[in-house]
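This report refers to the structure that appears directly beneath it.
The values are calculated or read from the model by the stated rules, or taken from the named source; none is laboratory data. Everything numeric here is computed off the predicted structure, so don't read it as measured data. When we count neighbours, we look across all protein chains shown, and the Cβ atoms used for this are built from the backbone with ideal geometry, even at glycine.
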Amino acid sequence: MTHAAPAGSTASTSKRATLALLVALATLAAASGVCRAEEYLTGMEWQRPPVVTPGTPSTKDKPGTPPSDAVVLFDGKDLAAWDGAETWKIEDGAMVVGRNMIETKEHFGDCQLHIEWSAPTPPVGESQGRGNSGVFFGPYELQVLDSYENETYYDGQAGAIYKQTPPMVNAMRPPGQWNVYDILWTAPRFNDDGSLKSPAYITVLHNGVAVQNHFQLLGDTPFDRPPQYAKHDPKQPIRLQDHGNPVRFRNIWVRELKAPEGKRTREPYLRDGDKETPLAKTAK
């Protein structure tokens, strides 16, 4: 036979405390003007996001494949996507740095860039003289350098925005192995009078490790003066630098970044059955 807990028992006290807590929370919610409903609606009518087939990751010996909507800049076969690449060569499916900087024939604004690179082996030189190149979005450089057990100034090592900020960590692989940069680039915008409207931002994963997190660039990235912005079109060529070292690149592709498209049909509101309440009213 089950006996009810006597008054004042632990179970009875616990039930009364729980009931008191629920009453207090309900009173607090009412006093603070919190409104709950079946559904919150944004008032936006969104377009269906495009379907993209993801690519495949690279392995130690074989480059991966790009997403279905990517623009392929180098797939190991030719340098047709690049201007100025006459002195660069292709060896074993990789492009090898020649005697000058090259740039893409097509220009890009806000984009996702995937690029894989390998420092020369055996390593030769030290500091900035070892495995040096660079990935440029117009005049803005993300440094490429053999930073594996190779000391240099920190805002000039691999993963740095040159002369502006070091990477958060050094995620470098040894010379001869493939490094991967996955980059999100937001191009700067300028007003008609040439003044800066919005700066450039960059996020970088180096071998899957975040080394730049939405970093705001101070301007371009020269060696011999402070950074500055000068008006240009948001779409710029992607450039690869010659710094006198035979750095190799492979599996280069880029995707244009577009914000979701939609239109506002009404202001945000709460819906509870047939009742609709604009959020502006609930805030009063």
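Only one of (1) surrounded by 11 or more Cβ atoms within 10 Å (Cβ to Cβ); (2) modelled with pLDDT under 95 is not met by THR59, so which one is it?
If we test THR59 against (1) surrounded by 11 or more Cβ atoms within 10 Å (Cβ to Cβ); (2) modelled with pLDDT under 95, just (1) comes out false.
Limited to the range 65-93, what total is found for residues that are over 27 Å from the mean Cα position of the chain (by Cα) and outside any loop (DSSP other than H, G, I, E, B)?
Qualifying residue count, the range 65-93: 3.
Got a sec? Which of ALA7, ALA29, ALA37 is at pLDDT below 95, assigned to a helix (DSSP H, G or I) and more than 28 Å from VAL209 (Cβ to Cβ)? Before the answer, list the steps.
On the way: ALA7 fails: assigned to a helix (DSSP H, G or I); ALA37 fails: assigned to a helix (DSSP H, G or I).
One residue alone meets the criteria, ALA29.
Would you confirm whether or not the range 204-226 contains a residue that is among the polar types (S, T, N, Q), crowded, with 16+ Cβ neighbours inside 10 Å, over 22 Å from LEU257 (Cα atoms) and in the same structural domain as GLY109 (by TED's automatic domain parsing)?
Taking the range 204-226 first, the residues among the polar types (S, T, N, Q) are 207, 212-213, 216, 221.
Filter once more, keeping what is crowded, with 16+ Cβ neighbours inside 10 Å: 207, 212, 221.
Those still in the list that are over 22 Å from LEU257 (Cα atoms) too: 221.
Pick out the ones that are also in the same structural domain as GLY109 (by TED's automatic domain parsing) and you get 221.
Yes, the range 204-226 contains at least one residue that is among the polar types (S, T, N, Q), crowded, with 16+ Cβ neighbours inside 10 Å, over 22 Å from LEU257 (Cα atoms) and in the same structural domain as GLY109 (by TED's automatic domain parsing).
When the range 233-275 is examined, which residues are found to be of a type in the set (D, E, K, R) and loosely packed, with under 13 Cβ neighbours inside 10 Å?
At the first step, the residues of the range 233-275 found to be of a type in the set (D, E, K, R) are 233, 235, 239, 242, 248, 250, 255-256, 258, 261, 263-264, 266-267, 271-272, 274-275.
Across the range 233-275, the qualifying residues are ASP233, LYS258, GLU261, LYS263, ARG264, ARG266, GLU267, ASP272, ASP274, LYS275.
Among the listed residues LYS235, LYS258, LYS275, identify the single one that is of a type in the set (D, E, K, R) and in contact with a strand residue (DSSP E or B) (Cβ under 6 Å, 6 or more places away or on another chain).
On the way: LYS258 fails: in contact with a strand residue (DSSP E or B) (Cβ under 6 Å, 6 or more places away or on another chain); LYS275 fails: in contact with a strand residue (DSSP E or B) (Cβ under 6 Å, 6 or more places away or on another chain).
Residue meeting the stated conditions: LYS235.
Within the range 149-191, track down each residue that is part of a loop (DSSP other than H, G, I, E, B) and among the basic types (Lys, Arg).
Within the range 149-191, the subset part of a loop (DSSP other than H, G, I, E, B) is 149-153, 157-160, 162-164, 166-178, 187-188, 191.
If the condition is that a residue be part of a loop (DSSP other than H, G, I, E, B) and among the basic types (Lys, Arg), then LYS163, ARG173 are the ones that fit.
Could you list, in sequence order, the residues of the range 94-112 that are assigned to a strand (DSSP E or B) and not polar (S, T, N, Q)?
ALA94, MET95, VAL96, ILE102, GLU103, LYS105, GLU106, HIS107, PHE108, CYS111
Answer yes or no as to whether ILE115 is outside any loop (DSSP other than H, G, I, E, B), out of contact with any strand residue (DSSP E or B) (no Cβ under 7 Å at 6 or more places or on another chain) and not polar (S, T, N, Q).
Answer is no for this residue.
Given (1) under 20 Å from the mean Cα position of the chain (by Cα); (2) crowded, with 17+ Cβ neighbours inside 10 Å, identify the lone condition not met by VAL97.
(1)
Of these, ASP75, ASP110, which one is among the charged types (D, E, K, R), in contact with a Leu (Cβ under 6 Å, 6 or more places away or on another chain) and surrounded by 13 or more Cβ atoms within 10 Å (Cβ to Cβ)? Spell out how you get there, then give the answer.
Values: ASP75 fails: in contact with a Leu (Cβ under 6 Å, 6 or more places away or on another chain).
On inspection, the qualifying residue turns out to be ASP110.
Mind telling me which of the residues SER118, SER58 ends up being small (Gly, Ala, Ser), touching a residue at least 12 places away in the same chain (Cβ under 8 Å) and more than 30 Å from ALA259 (Cα to Cα)? Lay out the reasoning, then the answer.
Details: SER58 fails: more than 30 Å from ALA259 (Cα to Cα).
Selected residue: SER118, the only one of SER118, SER58 that is small (Gly, Ala, Ser), touching a residue at least 12 places away in the same chain (Cβ under 8 Å) and more than 30 Å from ALA259 (Cα to Cα).
Somewhere in the range 126-149, is a residue more than 25 Å from PRO227 (Cβ to Cβ) and under 27 Å from the mean Cα position of the chain (by Cα)?
Filtering the range 126-149 down to residues more than 25 Å from PRO227 (Cβ to Cβ) leaves 126, 148-149.
From the residues that got through so far, the ones that are under 27 Å from the mean Cα position of the chain (by Cα) too are 148-149.
Within the range 126-149 (the criterion being more than 25 Å from PRO227 (Cβ to Cβ) and under 27 Å from the mean Cα position of the chain (by Cα)), the answer is yes, since at least one residue qualifies.
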